[in-house]
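The values are calculated or read from the model by the stated rules, or taken from the named source; none is laboratory data. Since the model is a prediction, treat every value here as computed from it, not as a measurement. The protein model used for the area step is the full one, side chains on, heavy atoms only, and it has no ligands, DNA or RNA in it. Shrake-Rupley method; radii C 1.70, N 1.55, O 1.52, S 1.80 Å.
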Amino acid sequence: MSILEEIADKLAIETIKVMDALGDDQYFNQVAKEIGSSSQTMEEAFLTAMRMRLAERRAKAMLRAEAERIAEARGKPKA
């Protein structure tokens, strides 16, 4: 991982924590705008990291829900 990607990913992780605390799922756009005012390259890397982290979060939530559904189905007698 390049230093650019490493910094962008760390910023994405911190931004997600703030988003959760604020309850604002669009807050990362403000962060991206601020980053972009200094470095378009960093802004693009940050947005890529954000998309990846948010996609991972959604996928994990979906997998947890499916695991719960499977567990429930296994616990019920078949009709």
Can you run phi through the Karplus equation (6.51, -1.76, 1.60; θ = phi - 60°) for the range 21-28 and list ³J(HN,Hα) in whole Hz, with x for Gly and Pro?
5, 7, x, 10, 7, 10, 4, 4
Normalising by the residue count of the chain, find the relative contact order in percent from Cα pairs under 8 Å and 6+ residues apart.
33 percent
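Can you give me the % of accessible surface on the chain that is carbon or sulfur? Probe 1.4 Å, all protein chains present, nothing else counted.
On the way: 3500 of 6200 Å².
Roughly 56 percent of what the probe reaches on the chain is carbon or sulfur.
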Within the chain, what is the number of lysine pairs with alpha carbons under 30 Å apart, leaving out pairs fewer than eight places apart on the same chain?
7
Among [x] 0.91; [y] 1.23; [z] 1.17, the entry that matches Rg/Rh (Cα atoms, Kirkwood Rh) as calculated here:
[y]
With axes computed from alpha carbons, what is the tilt in degrees of helix 40-75 against the longest principal axis of the chain, rounded to the nearest 10 within 0 to 90?
10 degrees
How would the range 1-47 be classified by its alpha-carbon gyration tensor: rounded, prolate or oblate, with rounded meaning a/c under 1.5 and the a/b versus b/c comparison settling the rest?
oblate
